[in-house]
Amino acid sequence: MSPRRGKSNRRELERLAALTGEASAEAAVAMEHAAQSEGAAEPQATPDLTAAAFFDVDNTMMMGASIFHFARGLAARKYFTASDLADFAWQQAKFRIMGRESANNVSAVREQALSFIAGRSVDELVNNGEEIYDELMADKIWPGTNALAQQHLAAGQRVWLVTATPVELAAIIARRLGLNGALGTVAESVDGVFTGRLVGELLHGRAKAHAVRALAAREGLNLRRCAAYSDSSNDVPMLSVVGKAVAVNPDGGLREVARKRGWEVRDFRTGRKAAKIGVPSVLGAGAVAGAVAAGMAYRKRGM
């Protein structure tokens with residue numbers, strides 16, 4: 001690939017990441033306002049309007065991949081076959097091992113992901129998602145991470161999840177945990193039915209950072225007063241835009257970045273006491289993602 005073409009591709013990926021982040025922030029704000037209008041409980045603490053916290057989901061807030069748990073439940077409901085589920089699991093593992101993306105593999109993941117919801121109603125997916133959360137996910141929440149989220153709420157700060165999982169499903173997790181909402185992948189719908197197209201791309205890597213920035217701009221947040229939590233080096237872009245970055249159950253890559261940048265580390269996997277290794281940094285982003293995108297790599301067959 002020529003340097004000029006490579007630069008053009010990078011610009012296009014960045015443009016799509018920004019579009020994805022804006023769409024996710026718009027959806028998150030709309031869902032939060034809808035919940036408030038439906039009489040959701042008001043925060044008990046004095047609101048801290050310029051600070052917030054952002055939590056990755058997979059292996060950070062929840063044991064395992066949220067989309068895989070949803071996929072198991074949807075397979076049981078005949079959205080797709082057991083072989084599709086096995087293929088999804090392999091694709092997810094491959095992305096996590098390789099830890100890199102390209103325009104081609106992200107496009108393939110997107111197309112596979114969208115085929116299972118095209119023509120389905122939003123309400124149907126949400127209703128199934130509520131049941132699946134109770135069946136397969138409620139007992140997968142990391143108590144330590146949830147306690148961190150609750151501390152932010154107790155301080156009057158808003159808390160959002162940030163994940164590649166479809167925003168409607170991510171919002172279910174957030175609502176069950178008493179959080180304000182979720183930034184997730186936005187699938188286009190018309191008259192309450194999914195079209196099979198995304199608004200932008202999957203919310204992963206740099207798109208998460210764009211989503212956090214876009215939400216901060218809409219809500220008047222001071223990012224230097226905000227915190228972000230993740231387990232994955234793929235989320236270094238998101239962790240880098242806030243004043244307090246915390247590596248939770250970190251993979252090897254993120255643990256090394258945290259060591260170099262002086263980020264806090266919390267590990268709930270073994271019950272070890274959290275290790276604080278320095279002062280948070282707001283250095284620029286330096287990593288690109290691919291692993292979380294694999295969480296969408298499954299498709300519906302035989303319908």
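The values are calculated or read from the model by the stated rules, or taken from the named source; none is laboratory data. As the structure is a prediction and not an experimental result, all values here were calculated from the model. Because the Cβ atoms are built from the backbone with ideal geometry, glycine has one as well, and the counts that use them run over all protein chains shown.
Residues in the range 192-245 that are farther than 14 Å from Glu26 by Cβ, charged (D, E, K, R) and part of a helix (DSSP H, G or I): Arg206, Lys208, Arg224, Arg225, Asp235. Just one of (1) in contact with a strand residue (DSSP E or B) (Cβ under 9 Å, 6 or more places away or on another chain); (2) among the charged types (D, E, K, R); (3) at pLDDT 95 or above; (4) farther than 16 Å from Gly243 by Cα fails for Arg218. It is (1).
Filtering the range 243-267 to residues that are on the phi > 0 side of the Ramachandran plot and surrounded by fewer than 19 Cβ atoms within 10 Å (Cβ to Cβ) leaves only Gly262. Mind checking which residues of the range 118-149 are β-branched (Val, Ile, Thr) and buried (at least 19 other Cβ atoms within 10 Å of the Cβ)? Within the range 118-149, Ile132, Thr145 qualify. Taking each residue of the range 229-257 that is at pLDDT below 95 and looking for partners that are assigned to a strand (DSSP E or B) with beta-carbon atoms closer than 8 Å, six or more apart or interchain, yields Ser232/Asp56; Ser232/Asp58.
Could you go through the range 171-191 and let me know if any residue there is assigned to a helix (DSSP H, G or I), of a type outside the set (D, E, K, R), surrounded by fewer than 22 Cβ atoms within 10 Å (Cβ to Cβ) and more than 15 Å from the chain's Cα centre (by Cα). No, there is no match, as no residue in the range 171-191 is assigned to a helix (DSSP H, G or I), of a type outside the set (D, E, K, R), surrounded by fewer than 22 Cβ atoms within 10 Å (Cβ to Cβ) and more than 15 Å from the chain's Cα centre (by Cα).
Among the residues of the range 212-239, write down those that are under 15 Å from Leu183 (Cα atoms) and among the acidic types (Asp, Glu). Residues satisfying the conditions are Glu219, Asp235.
Checking each residue in the range 59-114 for being modelled with pLDDT of 75 or more, under 20 Å from Asn234 (Cβ atoms), outside any loop (DSSP other than H, G, I, E, B) and out of contact with any Pro (no Cβ under 9 Å at 6 or more places or on another chain) picks out Met62, Ser66, Phe68, His69, Ala71. Checked against the criterion of being touching a His at 6+ places or on another chain (Cβ under 8 Å), in a loop (DSSP other than H, G, I, E, B), modelled with pLDDT under 85 and aliphatic (A, V, I, L, M), the candidates Ala285, Ala289 yield just one match: Ala289. On the stretch given as the range 151-170, residues that are more than 18 Å from the chain's Cα centre (by Cα) and touching a residue at least 12 places away in the same chain (Cβ under 8 Å) total 6. Scanning the range 203-220 for residues that are under 26 Å from Gly144 (Cα atoms) and crowded, with 22+ Cβ neighbours inside 10 Å yields Leu203, His204, Gly205, Lys208, Ala209, Ala211, Val212, Leu215. Residues of the range 138-176 that are under 21 Å from Leu125 (Cα atoms) and β-branched (Val, Ile, Thr): Val162, Thr163, Thr165, Val167, Ile172, Ile173.
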